[in-house]
1. So in region 247-265, with the set limited to residues that are part of a strand (DSSP E or B) and in contact (Cβ under 8 Å) with a residue 24 or more places away in the chain, which one is nearest to residue 179 (Cα to Cα)?
2. So residue 232 passes all but one of these: (1) within 16 Å of the ligand (Cβ to nearest atom); (2) assigned to a strand (DSSP E or B). Which condition number does it fail?
3. Can you name the number of the only condition in (1) without any contact (Cβ under 8 Å) to a residue 60 or more places away in the chain; (2) within 24 Å of the chain's Cα centre (by Cα) that residue 73 fails?
4. What number goes with the only condition from (1) within 16 Å of the ligand (Cβ to nearest atom); (2) surrounded by 22 or more Cβ atoms within 10 Å (Cβ to Cβ); (3) under 16 Å from residue 267 (Cα atoms) that residue 249 does not pass?
5. Output yes when any residue across region 307-316 is within 30 Å of residue 165 (Cβ to Cβ), within 16 Å of the ligand (Cβ to nearest atom) and of a type in the set (A, V, I, L, M, F, W, C), and no when none is.
6. Here's a check for you: in region 196-224, which residue that is within 16 Å of the ligand (Cβ to nearest atom) and not polar (S, T, N, Q) is farthest from residue 326 (Cα to Cα)?
7. Residue 277 - would you say it is in a strand (DSSP E or B), within 17 Å of residue 405 (Cα to Cα), of a type in the set (Val, Ile, Thr) and more than 16 Å from the ligand (Cβ to nearest atom)?
8. Residue 159 passes all but one of (1) hydrophobic (A, V, I, L, M, F, W, C); (2) in contact (Cβ under 8 Å) with a residue 60 or more places away in the chain; (3) more than 16 Å from the ligand (Cβ to nearest atom); (4) part of a strand (DSSP E or B); which number fails?
Amino acid sequence: MTQRVLGIKNFWTSGTNIVDSSTAVASTQYAINGQLDPVISVLPGETQVWNVANIGNGAFMSLVVRPQGGGEALPLFVVAEDGNPLTEPQQVPRVTLGGGRRTSFLIQMPAGTPAGTVFELALLPYYDGFNQWPLGVVGVSDVIGTVVVGNTPGTPFIIPTGPNSLSPPTNLFTDLTNEPVAEERMITFYRRPVDGTIVPMFTINGQTYPNVPLIQPRLNTVEEWTLINPDKDVHPFHIHTSGFQTMSVNGVPLGVSGPGAVLTANMTGGTGATTETFVGGGLKDVVVIPAAINGVFGKVVIRIKFGFVGPAVYHCHTAAHEDLGMMGVFNVVPEDPTYAVGQNPGLVSTVRVFSGVTQQQISRFLPFGTGHTQGVTVAVGDVNGDGVYDFICGTGRTGNTRVRVVDGTKINDVNARGLSEPPRCSAISSRSAGANSAGLP
Ligand SMILES: [Cu+2]
């Protein structure tokens with residue numbers, strides 16, 4: 001089966017020059033893989049996979065393949081979004097790409113289509129609340145590619161339907177609907193001031209990057225984030241490292257299979273109001289939050305299972321919004337983000353470890369043995385990158401100063417072997433990456 005990769009980029013021109021978007025007299029053009037209006041060949045009856053990506057800086061692209069000169073657009077069958085396969089193909093009337101979005105879909109040319117028939121790859125009008133895409137005029141679309149039907153009949157292909165018809169290993173999706181939710185968060189994306197004459201700041205929960213409050217999910221837990229949009233602009237929410245499941249859009253649940261896995265939402269109100277089709281049954285990393293319409297805030301609910309420890313960002317994928325502050329950091333901490341306290345000089349140098357989940361003491365050990373009474377300081381950090389915090393223990397400032405790193409997975413072995421024995425030493429380090437307490441000598 002023929003696969004194509006189509007990177008679509010918008011740019012502004014004035015005369016023969018490419019200009020930035022602040023230029024007053026500018027028209028928008030679209031290139032596919034760097035070409036203006038390329039020809040794409042399809043055979044009668046052939047099915048192809050098109051992997052399309054919006055690689056522009058802020059354009060919204062609402063793609064259709066329609067007969068030149070008029071007629072009904074071809075159905076498109078989405079099989080993956082943002083690089084994540086769906087469990088079954090979902091038929092949609094168009095594929096909408098906010099900034100950074102990638103969609104893979106099947107396009108099937110009807111058998112018997114006469115050779116030389118021409119279809120257009122076109123962008124339908126999309127109003128994002130600020131810009132009218134593709135050409136700045138309400139209700140006007142733009143042709144960005146030409147699809148020409150060839151002579152030889154293509155190999156017939158029946159597009160699979162029904163639950164899990166895209167079989168493993170390509171189908172990796174696990175439905176999070178019935179998983180326990182460890183944390184619910186509300187995250188609001190809005191401009192400040194809303195209608196000022198100065199350049200606005202684009203905020204998340206009232207702050208701009210890097211001052212957006214830090215989110216610290218725990219490894220392997222599921223969080224539910226409600227993304228709120230009180231703005232008149234839509235915002236393509238994007239998160240790094242972890243894909244998410246879209247649970248609902250503007251209060252309408254999005255299923256994972258069958259007709260319930262496709263929904264269409266109003267994205268903006270007023271002149272040039274826009275709709276967008278959402279598809280379930282797969283993870284994604286970009287979802288457009290609808291604008292507030294008639295005072296009702298746009299709302300998308302997502303669930304994320306965090307699989308990687310460490311910091312990453314989430315942001316609006318409209319570059320101008322992101323550049324003006326609409327980005328935040330989340331830092332995935334271990335499943336049990338332990339913390340520890342040391343010991344002042346005088347008594348046996350003891351480290352006590354507490355669970356960050358239950359707040360109960362889960363271990364105590366003597367990093368320098370029973371004879372050591374010069375005190376111990378302790379820092380916590382994932383030194384060996386296994387997703388479990390380790391304990392960096394330092395002696396006091398006097399005498400024979402030492403640092404001992406205790407592997408966070410071995411603290412119970414330390415206890416089993418008796419408190420009088422020094423714990424196993426996994427590494428010697430004078431600092432900890434991502435340490436969440438201080439105090440090393
Ligand atoms: Cu935005």
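1. Residue satisfying both the conditions and the ranking: 247.
2. Failing condition for residue 232: (2).
3. So the condition that residue 73 fails would be (2).
4. (1)
5. Within region 307-316, none of the residues are within 30 Å of residue 165 (Cβ to Cβ), within 16 Å of the ligand (Cβ to nearest atom) and of a type in the set (A, V, I, L, M, F, W, C).
6. Looking at the filtered set, the residue picked out is 199.
7. It is false that residue 277 is in a strand (DSSP E or B), within 17 Å of residue 405 (Cα to Cα), of a type in the set (Val, Ile, Thr) and more than 16 Å from the ligand (Cβ to nearest atom).
8. So residue 159 meets the others, but not (4).
The values are calculated or read from the model by the stated rules, or taken from the named source; none is laboratory data. Keep in mind the model is a prediction, meaning the values are calculated, not measured. Virtual Cβ from ideal backbone geometry, glycine too; neighbours counted across all protein chains shown.
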